[in-house]
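Notes follow once the structure below has been shown.
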Amino acid sequence: TEGVLRAQREGRPLLLYFHAVWSIACKELETKTFTDPRVRAASAPFVAISVDTTNDEDPQVEALMKKYNVAPLPTVILINRSGTEVKRFSAFVDPENLAAALTLSAEQPHDPPLLHGADRRRRPGRAR
């Protein structure tokens with residue numbers, strides 16, 4: 001999607017939110033969690049994508065749900081700058097926990113590096 005490409009192009013983390021109009025937990029997440037000032041501040045670095053799955057027979061919706069293995073709703077997925085999923089919530093999440101997860105996810109610049117020396121390769125002519 002356009003949002004995923006934007007996150008990649010700008011080197012920003014991604015917040016994916018899958019929801020449906022019939023979901024009470026989704027409505028609660030939208031009114032109690034996403035409106036909280038802590039969550040709003042912590043989500044600022046993210047490219048946010050909201051996916052309305054109400055019509056789950058729509059081929060595009062179905063493909064996205066399958067790609068991100070979404071079930072049940074709501075599902076919130078946090079993806080770091082390198083495209084790695086770092087956190088997933090598959091139910092209502094309170095503002096404190098989402099803000100903390102957003103902060104940790106945003107601080108991850110890329111996948112964790114290998115430990116120093118963990119990828120040493122044997123060089124020709126050098127004995128160990």
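For region 1-106, the list of chymotrypsin sites (Phe, Trp or Tyr not before Pro) that fall in a loop by DSSP and count at most 13 other C-beta atoms within 10 angstrom reads Trp22. For region 1-51, which whole percent of the accessible surface, found with a 1.4 angstrom probe, sits on carbon and sulfur atoms? Accessible surface attributable to carbon and sulfur in region 1-51 totals 59 percent. For the pair region 1-32 / region 38-68, the C-alpha centres are spaced 4 Å from each other.
Close amide H partners of Ala48, meaning residues 5 or more places away or on another chain with modelled amide H under 5 Å apart, are Leu15.
The values are calculated or read from the model by the stated rules, or taken from the named source; none is laboratory data. Treat the numbers as computed from the prediction; the structure is a model and nothing was measured. Every residue, glycine among them, receives a Cβ derived from its backbone with ideal geometry; neighbour counts consider all protein chains shown. Side chains are part of the model used for accessible areas, which takes the heavy atoms of the whole protein and leaves out ligands, DNA and RNA. Shrake-Rupley method; radii C 1.70, N 1.55, O 1.52, S 1.80 Å.
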